[in-house]
Amino acid sequence: MAETRSANSGPVEVWITGIGLATSLGEGLDANWDALNAGRINVDEKTFAPFMVHPWAPVNFDTQIPKKGDQRQMEAWQRIGTYAAGLALDSAGVKGNKEILGRMDMIVAAAGGERDLAVDIAILNADAKGNSAPNFLNEWLMNGLRPTLFLAQLSNLLAGNIAIVHGVSGTSRTFMGEETASVDAARIALARIVSGQSDIALIGSAYNGERPDLLMLYEFGSFNLKDKFAPVWAREKAPGFALGSAGAFLVIESKPHAQARGAKPYGRLTNVVTDLAQRKQPGAVTRSLEALWNKLGVLGANCALITGATGAEPVTSEEKTFLSGHPDYAVRATGTMFGQTLEAQFPLGLALAALSISRGALFPPNDPTGLEVEMSKPPTQIVVVGAGHWQGEGMALVEAIK
């Protein structure tokens, strides 16, 4: 378990003191919580048919990114992330606090940036028609692309924009690697605080799922959910995921640091563990998740699971096999309500776990198969599960403050 002992007495606790959510269900904690309790799902089945996406709910960017120039130079995923990060800082009560922001760690999970589809289409069409001279591609790359596009494609520009807009200027790290990049972001941030290397950190990610190029990319791997929406656990006959747009950030800090500034916690981040199963072996994901479970320190009483299960196969079936070995725990799949948000899926799960614990209830199931069941008692422990659509596994334990 990710704990150490302070010079004064007991184990160092790490509290979740800020949550920023901007998703397909809305902006902020109340909007998302209300939508979850109402069983609302926001899916667009027409714009990218036969594929579908969970589109981002519109916001007023000016409230978190006041300068129009900053907004213009960001691509959509960077605006989503910078906006959600601002919500988390507001939630933690540290927005504008230069002393704290000046030493706040920032660990972001991010993919590569977006593309200029008009240029891509022009190049492909010209090539298909036989109009591509020897220097054709170089000319398009030099003259057809705006210079700022290359900046927008850098994965660490999300952290850079958060630093510029919100003043978070302590250490900064950006991890790439799809779903498990954000697991490592949480794991390392927790370890740094527990070890005394840091007092407070901002962690999270953002994803823009409304991109034709990404839908094409994932269709090459047969990952897309097509034609008709179905909840995650009801996709065995037609597996796949529906991409979702979301930003999810959290502020975590040591208990003494939080208490010194009078911060109210949503919950405690106790442990984060990761693995990389050899998925060519049947059942590897099930075994990996079981091994991670045994490392977490789950007590069993009033415990629930929030999973980022994708709906892709065979990983989802192997995760279901793992879950069948723990039938006493209520399960919720975020992919049904929010879609597959890749790097943002794990911090989204952490946010919903902390939110559920702080509000004394697990949000209701949204699953026709019966795998998800009601939970009548307030959860005191929630395990966040992340099994990537093609690689990587992780878990975190979020607990109520004792």
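The values are calculated or read from the model by the stated rules, or taken from the named source; none is laboratory data. None of these values were measured; they are calculated from a predicted model. Cβ atoms come from the backbone with ideal geometry, glycine included; neighbour counts cover every protein chain shown. All accessible areas refer to the heavy atoms of the entire protein, side chains included, with ligands and DNA or RNA removed. Shrake-Rupley method; radii C 1.70, N 1.55, O 1.52, S 1.80 Å.
Across region 92-119, what is the total count of residues that are open to solvent by 40 Å² or more (accessible area, probe 1.4 Å), over 22 Å from Gln73 (Cα atoms), touching a residue at least 40 places away in the same chain (Cβ under 8 Å) and assigned to a helix (DSSP H, G or I)?
Qualifying residue count, region 92-119: 1.
Could you give every pair whose Cβ atoms fall below 8 Å, whose first residue belongs to region 361-376 and is in contact (Cβ under 8 Å) with a residue 40 or more places away in the chain, and whose second residue is assigned to a loop (DSSP other than H, G, I, E, B) and β-branched (Val, Ile, Thr), counting only separations of at least 6 or pairs across chains?
Asn366/Ile41
Name the residues in region 232-249 that are open to solvent by 20 Å² or more (accessible area, probe 1.4 Å) and among the aliphatic types (A, V, I, L, M), would you?
Ala234, Ala238
Go through region 328-366 residue by residue and tally those that are part of a loop (DSSP other than H, G, I, E, B) and open to solvent by 10 Å² or more (accessible area, probe 1.4 Å).
8
What are the residues in region 14-49 that are of a type in the set (Ser, Thr, Tyr) and not in a strand (DSSP E or B), if any?
Across region 14-49, the qualifying residues are Ser24, Thr47.
Can you confirm whether region 194-211 contains a residue that is more than 20 Å from Glu13 (Cβ to Cβ), modelled with pLDDT under 95 and open to solvent by 20 Å² or more (accessible area, probe 1.4 Å)?
Yes, region 194-211 has at least one match.
Taking region 274-298 on its own, how many of its residues are crowded, with 20+ Cβ neighbours inside 10 Å and in contact with a helix residue (DSSP H, G or I) (Cβ under 6 Å, 6 or more places away or on another chain)?
4
Under the condition of being surrounded by fewer than 20 Cβ atoms within 10 Å (Cβ to Cβ) and not β-branched (Val, Ile, Thr), which residue from region 372-393 is nearest to Gly244 (Cα to Cα)?
Trp390
Need the failing condition index for Ala263 against (1) assigned to a loop (DSSP other than H, G, I, E, B); (2) of a type in the set (A, V, I, L, M, F, W, C); (3) closer than 25 Å to Met52 by Cβ, just the number.
Failing condition for Ala263: (3).
Taking region 216-249, which residues are out of contact with any helix residue (DSSP H, G or I) (no Cβ under 9 Å at 6 or more places or on another chain), in a loop (DSSP other than H, G, I, E, B) and among the charged types (D, E, K, R)?
Residues satisfying the conditions are Asp227, Lys228, Lys237.
State whether one or more residues within region 250-259 are part of a loop (DSSP other than H, G, I, E, B), open to solvent by less than 10 Å² (accessible area, probe 1.4 Å) and under 30 Å from Ile200 (Cα atoms).
No, region 250-259 contains no residue that is part of a loop (DSSP other than H, G, I, E, B), open to solvent by less than 10 Å² (accessible area, probe 1.4 Å) and under 30 Å from Ile200 (Cα atoms).
Quick check on this structure: which one of Phe220, Phe175, Phe229 is open to solvent by 30 Å² or more (accessible area, probe 1.4 Å) and under 13 Å from Ile107 (Cβ atoms)?
When all the criteria are applied, what remains is Phe175.
Table: residues versus (1) closer than 25 Å to Glu253 by Cα; (2) touching a residue at least 24 places away in the same chain (Cβ under 8 Å); (3) out of contact with any Gly (no Cβ under 6 Å at 6 or more places or on another chain).
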| residue | (1), (2), (3) |
| --- | --- |
| Thr286 | no, yes, yes |
| Gly297 | yes, yes, yes |
| Val315 | no, yes, yes |
| Glu319 | no, yes, yes |
| Ser324 | no, no, yes |
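Given Ala88, Ala126, Ala122, which one is of a type outside the set (Lys, Arg), touching a residue at least 40 places away in the same chain (Cβ under 8 Å) and surrounded by 11 or more Cβ atoms within 10 Å (Cβ to Cβ)?
Ala88
Filter region 53-108 down to the residues that are among the charged types (D, E, K, R) and closer than 30 Å to Tyr218 by Cα and list them by number.
Of everything in region 53-108, those that are among the charged types (D, E, K, R) and closer than 30 Å to Tyr218 by Cα turn out to be Arg72, Glu75, Arg79.
What number of residues in region 50-65 are in contact (Cβ under 8 Å) with a residue 12 or more places away in the chain and in a loop (DSSP other than H, G, I, E, B)?
Residues that pass the stated criteria total 8.
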